[in-house]
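The values are calculated or read from the model by the stated rules, or taken from the named source; none is laboratory data. Predicted model, so just to flag it, every value in this text is computed and none were measured. Here the Cβ is made from the backbone with ideal geometry for all residues, glycine too, and neighbour counts use every protein chain on show. These accessible areas exclude ligands, DNA and RNA; they are computed on the full protein's heavy atoms, side chains included. Shrake-Rupley method; radii C 1.70, N 1.55, O 1.52, S 1.80 Å.
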Amino acid sequence: KIEVEKVEFDPDSEEIRLSGPNREESEHVKMGAYHTLSLGLNMNFTVEKLCWDQVFLDRLEEASNPERGAEVAAVVMAPGLAHVCLVTSHMTLCKQKIDMSIPKKRAGSSNHSKATSRFYEAVYRAILQYVDFEKIKCVLIASPGFVKDDFYKYLVTESVRRDDRPFIENKSKFVLCKSSSGHKHALEEVFFRLCNHVEAYRDQIH
């Protein structure tokens with residue numbers, strides 16, 4: 001049991017490190033000694049505070065049910081790699097990572113085309129599974145080059161062919177954006193660029 005003075009997040013190990021003086025005597029750590037605890041996924045722990053602010057209680061509720069507060073979905077992708085995410089005001093939750101090998105284009109071979117179709121199909125199904133269009137107001141599709149454009153054409157064509165109403169009825173919610181890669185962290189630059197566009201638009205109005 002420690003009194004938390006410092007909090008660090010390690011994205012590589014996906015752990016939170018809590019540091020501070022020990023407030024409960026144990027055979028391993030002396031009372032008052034500075035100690036660090038690491039918390040990973042699916043680890044049980046107890047947080048104690050003398051007074052809980054409603055803002056923090058709301059954040060805990062959102063962290064326990066992160067999808068409840070999501071109004072934006074984001075798909076960041078590159079050839080063979082995609083992350084399907086839900087975005088709240090406090091976090092980006094990756095619902096599915098899709099990683100497939102796509103061979104290079106070769107004359108007389110259809111392997112590249114077939115692999116690309118399988119990849120697009122996996123992303124298509126992931127969006128259909130994890131995006132609740134009754135709650136989600138916007139779906140960002142970001143990629144370098146024309147991957148986003150080609151995938152969106154695939155999505156529109158297939159949704160009409162299969163009569164997938166969630167896609168057909170919410171086509172206006174999709175926004176195509178540029179990203180540097182298909183990795184999740186590339187979403188940061190996408191949001192940064194979108195915020196700059198919004199600020200520039202506001203300046204023009206004023």
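Can you pull out the trypsin sites (Lys or Arg not before Pro) in the stretch 83-127 whose DSSP state is coil and whose Cβ has at most 12 other Cβ atoms within 10 Å? All intermediate terms of the calculation are to be shown ahead of the outcome.
On the way: sites: K95, K97, K104, K105, R106, K114, R118, R125; in loops: K104, K105, R106.
Counting only loop positions with at most 12 other Cβ atoms within 10 Å, the trypsin sites (Lys or Arg not before Pro) in the stretch 83-127 are K104, K105, R106.
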Of every hundred units of 1.4 Å-probe accessible area on the chain, the number belonging to carbon and sulfur atoms, as a percent, is 51 percent
Subtracting the Cα-Cα distance of R165 and E134 from 0.36 nm times their residue separation yields 9.9 nm
Heavy-atom accessible area of I168, protein chains in place, probe 1.4 angstrom, given in Å² to nearest 10, is 60 Å²
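What dipole magnitude, in Debye to the nearest 20, does the chain give about its Cα centre under +1 on Lys/Arg Cβ and -1 on Asp/Glu Cβ? Please list the in-between numbers first.
Numbers: 29 positive and 31 negative charges, 271 e Å.
Using only the charged Cβ atoms, the result is roughly 1300 debye.
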quick shape note, the stretch 1-144: Cα extents on principal axes in Å, largest first -> 72, 35, 23
Which residues qualify? For F174, with a placed amide H closer than 5 Å and at least 5 residues away or on another chain, they are V139
Among A82, A107, A126, the residue with the largest mean-square fluctuation in a Gaussian network model of the chain built from Cα contacts under 10 Å is A107
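Enter the accessible area per residue of the chain (Å², integer; probe 1.4 Å; all protein chains in place). Write out the running numbers ahead of the final one.
Details: 14010 Å² over 206 residues.
Solvent-accessible surface per residue comes out at 68 Å².
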Mean shadow area (nm²) of the C-alpha convex hull around the stretch 1-82 is 8.1 nm²
Comparing E71, E27, E48 in a Gaussian network model of the chain (Cα, 10 Å), the one with the largest mean-square fluctuation is E27
So, for the Cα atoms of the stretch 86-206, Rg and Dmax in Å stand at 16.2, 57
Per GNM of the chain with C-alpha springs under 10 angstrom, the most fluctuating residue out of K171, K184, K30 is K30
